[in-house]
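Working notes, beginning with the structure itself.
The values are calculated or read from the model by the stated rules, or taken from the named source; none is laboratory data. Being a predicted model, the structure only gives us computed values, none of them experimental. Cβ placement follows ideal geometry from the backbone for every residue including glycine, while neighbour counts extend to all protein chains displayed.
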Amino acid sequence: MTESILKKAYSGNRISGEEALKLYENADLLSLGVYADLINKKKNNDNVVTFVIDRNINYTNICVSGCRFCAFYKKPEESGGYWITEKELEEKIKETKQLKGTQILLQGGLHPDKSLEDYVALLKYMKSNFDIHIHGFSPPEIFYISEIEGISIDDVLNTLINAGLGSIPGGGAEILVNEIREKVSPDKCNADQWLYVMERAHNLGLKTTATMMFGHIEKQEHIIEHMERLREVQDKTGGFTAFIPWTFQPSNTDLSSKTATAAEYLRVLALSRIFLDNFRNIQASWVTQGSKIAQTALFFGANDLGSTMIEENVVKAADVDFRMPVEEMIRLITSAGYEAWQRDCFYNRIRQAD
């Protein structure tokens with residue numbers, strides 16, 4: 001039964017959510033990997049694996065959401081909270097540029113005391129002083145700003161675009177099923193609101209990524225529903241540049257869960273390549289999986305290794321602190337038999353790495 005579903009997907013025919021669940025529950029891991037690899041090669045038609053050099057700047061750790069899976073945030077009244085200064089921004093971006101970085105991933109918490117103008121000031125400072133792409137403000141941040149300001153999502157997005165925002169990361173998706181979100185992140189925008197922000201962004205010309213954090217309290221059918229909802233939006237807008245699944249890291253969090261195994265990660269990754277037929281790029285998460293599993297993911301449907309992560313703080317707060325120099329990124333790709341190419345935020349290839 002699973003073989004016929006896999007062949008159907010490889011032939012270019014869309015599989016249903018029910019068929020995807022059958023694959024999840026019954027297909028052996030290697031078969032999923034083989035077909036995901038074949039579909040990837042058919043879709044991308046080359047032997048290239050890409051990566052990006054960027055820095056993840058968390059402009060604040062103050063957040064009212066209190067997500068149970070987050071080890072990074074501070075409550076507004078708690079010590080250790082911060083809002084980044086222009087001097088800190090300058091130092092971080094200068095170093096990024098020196099390392100041939102092309103973009104800044106700008107994300108933070110839901111800060112109750114900051115206005116839209118504070119976010120505009122961040123963007124304007126960065127764009128007026130540096131020639132660098134800003135990939136910033138995930139849907140929960142956008143939605144929260146609209147609530148604080150009492151204005152529409154479109155108004156928030158247009159204001160940020162005019163100040164220099166170039167694209168939006170897919171953070172805060174977790175699992176796009178409201179019954180799960182109510183348990184793990186009840187004070188954050190719900191699944192429908194997350195998807196609405198992304199659809200509005202796409203319609204205004206902003207490209208975005210899509211993510212999924214799994215391996216906590218969700219069930220298999222929730223993972224499929226998450227991908228179904230992304231596929232529906234992509235059918236309408238074509239605005240997602242990539243899908244990035246990664247596993248929950250439970251250390252230092254309030255959410256008790258066993259860490260998903262490498263085999264479970266590869267199963268979901270391969271399934272995403274098979275099911276998300278309208279996504280060109282699937283990114284491997286070396287930040288949560290480490291270099292060996294990330295390299296293995298290149299044979300399970302992934303065609304991108306993501307960022308070298310000059311700086312990363314959120315996953316690090318959960319006691320996961322992998323590092324990836326550019327040279328190691330290139331070695332992982334080329335030793336697996338692929339060409340390594342540095343890309344930009346839109347997956348345009350900048351230069352072949354050697």
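A compact table of results
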| quantity | calculated |
| --- | --- |
| Options ASP113, ASP154; residue that is surrounded by fewer than 21 Cβ atoms within 10 Å (Cβ to Cβ) and modelled with pLDDT of 95 or more | ASP154 |
| Some residue of the stretch 60-77 being closer than 20 Å to GLU174 by Cα, buried (at least 21 other Cβ atoms within 10 Å of the Cβ), modelled with pLDDT of 90 or more and out of contact with any Pro (no Cβ under 7 Å at 6 or more places or on another chain) | no |
| Selection status of LYS97, in contact with a helix residue (DSSP H, G or I) (Cβ under 7 Å, 6 or more places away or on another chain) and basic (Lys, Arg) | no |
| Test: ILE161 is of a type in the set (A, V, I, L, M, F, W, C), in a helix (DSSP H, G or I) and surrounded by fewer than 22 Cβ atoms within 10 Å (Cβ to Cβ) | yes |
